[in-house]
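Student: One structure is given below, represented as structure tokens, and several questions about it will come after.
Values in this text are rule-based calculations from the coordinates and carry no lab data. All values reported here derive from a predicted model rather than from experimental measurement. Glycine gets a Cβ as well: all are built from the backbone with ideal geometry, and neighbour counts include every protein chain shown.
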Amino acid sequence: MTARVLFVDDDAQMRHSTAQALRLAGFQVEALTGGEEALALAGPGFAGVVVSDIRMPGMDGMTLLDRLHEVDPEIPVILVTGHAEVPLAVEAIRKGAYDFIEKPFVMQELATVIRRAIDHRALVLENRQLRAVAGKRDDVEARLPGRTQVMVDLRYRLRAIGASDADALIIGPTGAGKEVVARTLHDISARALLPFIAINCAALPQALIESELFGHEAGAFPGALRPRYGKFEHARGGTVLLDEIGSMPPDLQAKLLRVLQERVITRLGSNDPVPLDVRFIATSKVDLAELVASGQFREDLFWRLNVAVLRVPPLSARREDIPLLFLQLMREAAARHSLPEREVPPAFLAGLAARDWPGNVRELRNLAERTVLGLEDTDPDTDPDGTETGRLPDRVAAFERSLIAGAIAAHGGRLRAVYESLGISRKTLYEKMQKYGLDRRLIVEAAEDHDA
């Protein structure tokens, strides 16, 4: 496989000459003008190396290093530096940069460092895949199926976090499966045989909220006739899920922060602290950083939770998974209702990936349920709501998607050749691939399987 290199430099002459020399050395190079472009291309499954100048307007090389390592701390980043910046580059090595090259550099030297970095990255990705196969593969993939890179990355991060005892924050849109991820995280941990207590923060009764969570002693308030464990204490040894934690009242946020820091609770009506051995998992449909900025969420609590973060993608980010996911949901529904599995036309399955799913997996599950119960028309010429799909915008979009997918397959996934052959810019191609949920790796694999 041709090695992939993202070369970032704001100097046009340096960018073009270096990229050309690296291509002659056998690398697949994408020459980029700034760090934002590199961030858009380098995800957790990125199979390559980032080479960046340190001094650039806007996002400099050091900032790019930090941002890339937020995405994946094992992405190799090689920094290009002037003589006066060597101390800065050495500091970058301490922060996780793979290496640095001092200007003016010999191209052969840069190529050698890049090859070592690519070999290192290949081993990292191979080890991840082996660990994924060896660790709970059947269980995790059965609950969170999908071949798209976003799902592969989610399962990798979930397994890595599951082996630890760290608290976790799960972010994703409504219906994407945040609670499924939380339950899976609990079940692959050492706490799997102990309680899993889910608490809907948006539905807690305001008058009894502290009693519900912390418990109370007899006589703590009118009607408290006997002592009662709260949900936190009931979960001792296990996991507490704080669903939609952004809805938690501010005064309770302060009390939760103390629990997270000290791992003790105090029941209402008592002064005796009770040790608490639980793992906390919080979910949110919005980025908590936005709530912090608007003053709706405590910043100190946010940083306490923002240790191990899992982001659950919407269906629009994993369109290639939709047909297989739908079939799995149908099998589950058929087993649940003791009904035979129904066959659906391939054209209907193919059409599912092109539709919008604002309710995400929950909406897709409902459609599978209706289909199994015989309440859904699987005619490929109709949408799930029964409307005709022959509208001109839908046909144009379907044609454009198939045209781009065909070009990606024809050129073996080489995007430069794709956007040049289609007569569009690189940025336009990336935007349309994101819009239509096109994963070039899966397209190339499918084309190779067909040819074989």
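Student: Give the value in nm², to one decimal: projected area of the alpha carbon convex hull of the range 4-130, averaged over all directions.
Tutor: Details: hull surface 28.0 nm².
That works out to 7.0 nm², a quarter of the Cα hull's surface.
Student: Which value, in nm² and rounded to one decimal, describes the direction-averaged projected area of the C-alpha convex hull of the range 139-313?
Tutor: Numbers: hull surface 41.4 nm².
In nm², the orientation-averaged hull projection of the range 139-313 is 10.3.
Student: Which whole-number percent is the relative contact order of the range 4-130 (Cα, under 8 Å, 6+ apart)?
Tutor: Numbers: 189 pairs, mean separation 29.5, N = 127.
Answer for the range 4-130 is 23 percent.
Student: State to the nearest 20 debye the size of the charge dipole of the range 4-130 about its Cα centre, where the only charges are +1 on K and R beta carbons and -1 on D and E beta carbons.
Tutor: On the way: 12 positive and 19 negative charges, 70 e Å.
In debye, rounded to 20, the range 4-130 gives about 340.
Student: While we're looking at this one, here's another question. Quick one: order GLU341, GLU363 by neighbouring beta-carbon count within 10 Å, fewest to most.
Tutor: The fewest-first ordering by Cβ neighbours comes to GLU341, GLU363.
Student: Can you compute the helix-only [θ] at 222 nm over the chain? Use -39500 (n - 2.57) per DSSP H run of at least 4 residues, normalise by all residues, nearest 500 deg cm²/dmol. Intermediate results must be reported in sequence, preceding the final value.
Tutor: Details: 20 runs with 220 residues, N = 452.
The helix contribution divided over the chain gives -14500 deg cm²/dmol.
Student: When a footprinting reagent is the concern and you count Cβ atoms within 10 Å, what order do ASP251, ASP9, ASP66 take, fewest first? Mind dumping the intermediate values first?
Tutor: Working: ASP251 10, ASP9 23, ASP66 14.
Ordered by Cβ neighbours within 10 Å, fewest first: ASP251, ASP66, ASP9.
Student: Could you give the nm distance between label points at ALA218 and ALA397, where each point is 7 Å from its Cα heading toward the beta carbon?
Tutor: Distance between the two pseudo-spin positions: 6.4 nm.
Student: Can you tell me the orientation of helix 107-134 relative to the chain, as the angle in degrees between its alpha-carbon axis and the longest Cα principal axis, to the nearest 10?
Tutor: The angle comes out near 30 degrees.
Student: How high is the FRET efficiency from ILE424 to ASP119, r the C-beta distance, R0 35 Å, rounded to 0.05?
Tutor: Details: r = 34 Å, r/R0 = 0.97.
So the FRET efficiency works out to roughly 0.55.
Student: For the chain, compute Rh as the Kirkwood radius over C-alpha pairs and then the Stokes-Einstein diffusion coefficient at 10 °C and 1.306 mPa s; write the answer in µm²/s, rounded to an integer. Let's see the in-between values first.
Tutor: Working: Rh = 25.2 Å.
D, rounded to a whole number, is 63 µm²/s.
Student: Continuing with the same structure: Taking the Cα centre of the range 229-306 as origin and charging only Cβ (+1 Lys, Arg; -1 Asp, Glu), how large is the dipole, in debye to the nearest 20?
Tutor: Values: 10 positive and 11 negative charges, 47 e Å.
So the magnitude is around 220 debye.
Student: For the residue pair ASP356 and PHE105, what label-to-label distance in nm results when each label sits 7 Å from Cα along the Cα-to-beta-carbon direction?
Tutor: Placing both labels 7 Å along Cα→Cβ, they lie 4.6 nm apart.
Student: Determine the shape class of the range 4-59: with a ≥ b ≥ c the square roots of the Cα gyration tensor eigenvalues, call it rounded for a/c under 1.5, and otherwise prolate if a/b is greater than b/c, oblate otherwise.
Tutor: Working: a/c = 2.45, a/b = 1.02, b/c = 2.41.
It comes out oblate by the Cα gyration axes.
Student: Once you keep just the Cα pairs under 8 angstrom separated by 6 or more residues, what percentage relative contact order results for the chain? The partial results should precede the final answer.
Tutor: Details: 661 pairs, mean separation 51.1, N = 452.
Relative contact order comes out at 11 percent.
Student: Oh, and also: Along the Cα→Cβ direction, 7 angstrom out, place labels at LEU375 and ALA160. What is the inter-label distance in nm?
Tutor: Going from the LEU375 label point to the ALA160 one covers 4.2 nm.
Student: Among all lysine pairs in the chain that are eight or more places apart or on different chains, how many have alpha carbons less than 24 angstrom apart?
Tutor: 10
Student: Normalising by the residue count of the range 139-313, find the relative contact order in percent from Cα pairs under 8 Å and 6+ residues apart. Mind dumping the intermediate values first?
Tutor: Numbers: 303 pairs, mean separation 55.6, N = 175.
The normalised contact order for the range 139-313 reaches 32 percent.
Student: Which of GLY246, PHE196, ILE404 sits farthest toward the positive end of the charge dipole of the chain, with +1 on the Cβ of Lys and Arg and -1 on the Cβ of Asp and Glu?
Tutor: PHE196
Student: Another one. HN-Hα J couplings of the range 430-441 from phi, Karplus 6.51/-1.76/1.60, θ = phi - 60°, integer Hz, Gly and Pro as x?
Tutor: Working through the residues one at a time gives 4, 5, 6, 4, 5, 4, 9, x, 8, 10, 5, 4 Hz.
Student: Report, in whole Å, the centroid distance computed from the Cα atoms of the range 402-434 and the range 162-212.
Tutor: A separation of 41 Å, based on Cα centres.
Student: Then there's this: Charges at C-beta only: +1 for Lys and Arg, -1 for Asp and Glu. How large is the resulting dipole of the chain about its Cα centre, in Debye rounded to 20? If you can, show how the numbers build up before the last one.
Tutor: On the way: 56 positive and 65 negative charges, 144 e Å.
Rounded to the nearest 20 debye, it is 700 debye.
Student: What is the sum of charges, Lys and Arg at +1 and Asp and Glu at -1, for the other residues whose Cβ falls under 12 Å from the Cβ of ARG115?
Tutor: Details: positive: ARG116, ARG121; negative: ASP99, GLU109, ASP119.
Neighbour charge sum, excluding ARG115 itself: -1.
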